[in-house]
Amino acid sequence: MPKKDPRIAVVENKNTYFYYNPTFEQHNEANITALRETLVILHKNLKGKEKKEDIIVIFEDLLRTKEYGLKALQALTGVSNELFLRIITLIRIVNDKELNDLTYKKSWCTKEEVDEIIEWKTDRVKLMLKTNTHFVKGIIRLFFEGASTPYLAKTLPLFELQKFKMGKLNFDLEQLLDTIVRYKEKGSYSGKKDNNPEQLLERLLDSMSISFEKGDLKDIVIDSPFTKRRMDFIIPDKNAPRLIVECSYLVTTSSGQGDKAKTEISIKELIRARHKIAKFVGFVDGIGWLVRKGDLERMVSAYDHVFTFHEDEIDRFRKLLEETMGCSKKYD
């Protein structure tokens, strides 16, 4: 039998199994305890309160005066802080009358040019909660009535929209169980193939009887073996591509967006060198790109054509397919 690599023995024999930092754990437990106690007190304060106005006053006090008030509200509803910050950005970007009225936007949001909007950090939001009563009222109404607001109903996925209901703020048992289930299923929901917008493009291509492949362009591998080359759609095939499509739909944000943009720019040059008639197409969508404008500018500069997954844009992409591939089947 071959001798075991001593490096493997190190990993096997000296494995910590679940590493943790005791100091960090103690600090983290203190935060969890404080958050739990905030929820316990909130629950006691809400007991016997049936009028919506009385409940709203309690939540307004929670957000204005309690250090863990916002976290408690998020924990109760299952709304992540990242989603919450994205929705604040969405409210600032769009101009929907009902959404504006719901959140008292005119009383806390100064007029901003959309191109100049930068996402607020959590500290900025907490400061607003302490200093602007209309902002507090708007946030409470968002959590109370967001699920019934038409603009949010058509913009947010149903999985997230269902978190903005009054029942969750009332410690309703069924709604608390709903929050627990959504916490549990969040990762599975996000990772499911059927929830990937690329599926929309696959159905479009299939409906138009247009062939495509996915994966590496081997000639680009030869030119640059260490550059990411896996393509989402190569139309009609790898040997003679006419359209090379990359999809990037982001609701969350990360520093990796800048790296992805740089990579796409380098790929564009590799494609031009090997496939002169091929067009490099990018589907760049999601609010995650709108809050990182510099990365967005670099990203779109890599593509010959840029689309989103909006139905108007899908129709525009269909027309590009017709022009490029010489077909005219209608997308169903």
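The values are calculated or read from the model by the stated rules, or taken from the named source; none is laboratory data. Computed from a predicted model, the values in this text were never measured in an experiment. Because the Cβ atoms are built from the backbone with ideal geometry, glycine has one as well, and the counts that use them run over all protein chains shown. Areas reflect the complete protein model, heavy atoms only, side chains present, ligands, DNA and RNA absent. Shrake-Rupley method; radii C 1.70, N 1.55, O 1.52, S 1.80 Å.
Among residues other than GLU82 with Cβ under 14 Å from its Cβ, the summed charge is +4 (Lys and Arg +1, Asp and Glu -1). Listed cross-link partners LYS214/LYS293; LYS121/LYS163; LYS111/LYS262; LYS184/LYS214 are compared with a 26 Å cut-off, the Cα-Cα value being larger for LYS214/LYS293; LYS111/LYS262; LYS184/LYS214. Between amide H atoms placed 1.01 Å from N, distances below 5 Å from MET231 occur with GLY215, ASP216, LEU217, all of them 5 or more places distant or on a separate chain. What the chain shows is 59 Å² of accessible area per residue, with the surface traced by a 1.4 Å probe over protein heavy atoms.
Restricting attention to the stretch 1-75, lysine pairs at least eight places apart or on different chains and with alpha-carbon atoms under 23 angstrom apart total 12. Along its principal axes, the chain has C-alpha extents of 70, 66, 35 angstrom, given from the largest down. In this calculation the C-beta distance from TYR20 to THR133 is compared with R0 = 51 Å, giving a FRET efficiency of 0.75. Expressed as a whole percent, the accessible surface of the chain that belongs to carbon and sulfur atoms is 53, based on a 1.4 Å probe.
Enter the angle in degrees (range 0 to 90, nearest 10) between the Cα long axis of helix 52-65 and the first principal axis of the Cα atoms of the chain, meaning the one along which they spread out most. Around 80 degrees separate the two axes. Annotation: amide H-H contacts under 5 Å for PHE283 (H modelled 1.01 Å from N, sequence separation of 5 or more, or interchain): GLU246, CYS247, SER248, PHE307.
The HN-Hα couplings worked out from phi for the stretch 292-307 by the Karplus form 6.51 cos²θ - 1.76 cosθ + 1.60 (θ = phi - 60°) are 10, 4, x, 5, 4, 4, 5, 4, 5, 5, 7, 9, 6, 9, 10, 10 Hz, whole numbers, x standing for Gly and Pro. Highest-first packing order for the peptide set 313-321, 51-59 is 313-321, 51-59, based on the mean count of other beta carbon atoms within 10 Å. Shown are VAL136, VAL181, VAL251, whose ranking by accessible area with a 1.4 Å probe and every protein chain present, most to least, is VAL181, VAL251, VAL136.
Charge tally for LYS279 (other residues, Cβ to Cβ under 11 Å; Lys, Arg +1; Asp, Glu -1): +2.
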